[in-house]
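Notes follow once the structure below has been shown.
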Amino acid sequence: MPTKILPDADAFARFTRALLRRGFRKLLKAEFRNDFKRLEPKAPSPREGREVGFTYTANGLSVLVWTTFLSEDDHARDKDAGWVLIKEGDIVKYFSHPLHRTKKFLYNLLRQARIAQLRVLNRPLCPKCHARMHIVQGKGLKARYWKCIRHKVHEEPECLPWDYGLPEAALDFLRIRRKQRAKYRKELRAEGKKPGVALNRRREWKIGRLDNIVPKQ
Ligand SMILES: [Zn+2]
């Protein structure tokens, strides 16, 4: 694992400006309070402070960017990783690989945020019925694709690949990241470790008030 380098306040301010320029906004305290009361989420382990998060919404989907940066204290949490999620209401449809705080942490987080934003902006409409397509899980750990299952309108489901509609520059970045990850997974296996352990950690958040989740599953 490369050396941990925590972003300082200046680097974080630049990152914030870059996200705001792209149309993201900072999550507000009132939203945290509201969601806490509504859903009663329980973290897998106690955590320090309130983390700065950013959001962007289009076409019925929201991107969330978790930064590991603490709003009150102006510094990054010691132990944590950055994440980019795509949600439909309260339901997480996609989450990125955890982003570790190495030298290019904020750069990578910004790129991932931007790609998620492009996915949401380019959310495909079903070629048959023109309804919004949904994000569904594929066979691999992180595999996703777009799907429409409106049996009443068309018998066969319609599917499109996950990267559908992304511009060439985004695809180039993804190709490099995927190649790096394949190499990393190979190294883990060679050391006898299991890839994907960090991925499951995020899922351990528990919702206290399941009835308040929207949309209803
Ligand atoms: Zn359809």
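The values are calculated or read from the model by the stated rules, or taken from the named source; none is laboratory data. Quick caveat: nothing in here was measured; it's all calculated off a predicted structure. FYI the Cβ positions are ideal-geometry reconstructions off the backbone, even for glycines, and counts take in every protein chain you see. Heavy atoms of the whole protein, side chains included, go into the accessibility calculation; ligands, DNA and RNA do not. Shrake-Rupley method; radii C 1.70, N 1.55, O 1.52, S 1.80 Å.
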Legend entry - Selection from segment 70-88 of residues that are surrounded by fewer than 20 Cβ atoms within 10 Å (Cβ to Cβ), small (Gly, Ala, Ser) and within 21 Å of LYS142 (Cβ to Cβ): ALA81
Inset, instruction - Please verify whether segment 103-126 includes one or more residues that are in contact with an Asp or Glu (Cβ under 6 Å, 6 or more places away or on another chain) and either in contact (Cβ under 8 Å) with a residue 24 or more places away in the chain or more than 10 Å from the ligand (Cβ to nearest atom) (or both). - result: yes
Legend entry - segment 127-182 - residue that is of a type in the set (Asp, Glu) and loosely packed, with under 14 Cβ neighbours inside 10 Å and, of those, farthest from the ligand (Cβ to nearest atom): ASP172
Inset, instruction - Just one of (1) at pLDDT below 85; (2) within 19 Å of ASN108 (Cα to Cα); (3) of a type in the set (S, T, N, Q) trips up GLN217, so point out which. - result: (2)
Legend entry - segment 21-52 - residue that is without any contact (Cβ under 8 Å) to a residue 24 or more places away in the chain and of a type in the set (A, V, I, L, M) and, of those, farthest from SER71 (Cα to Cα): ALA30
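Among the listed residues THR3, THR67, identify the single one that is closer than 18 Å to PHE105 by Cα, open to solvent by 70 Å² or more (accessible area, probe 1.4 Å) and at pLDDT below 95.
THR3
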Legend entry - Any pair with Cβ under 9 angstrom, 6 or more apart, that starts in segment 143-171 at a residue that is in a helix (DSSP H, G or I) and ends at one that is at pLDDT 95 or above and open to solvent by less than 60 Å² (accessible area, probe 1.4 Å): ALA170/ILE115; ALA170/LEU118; ALA170/ARG119; ALA170/ASP163; LEU171/ASP163
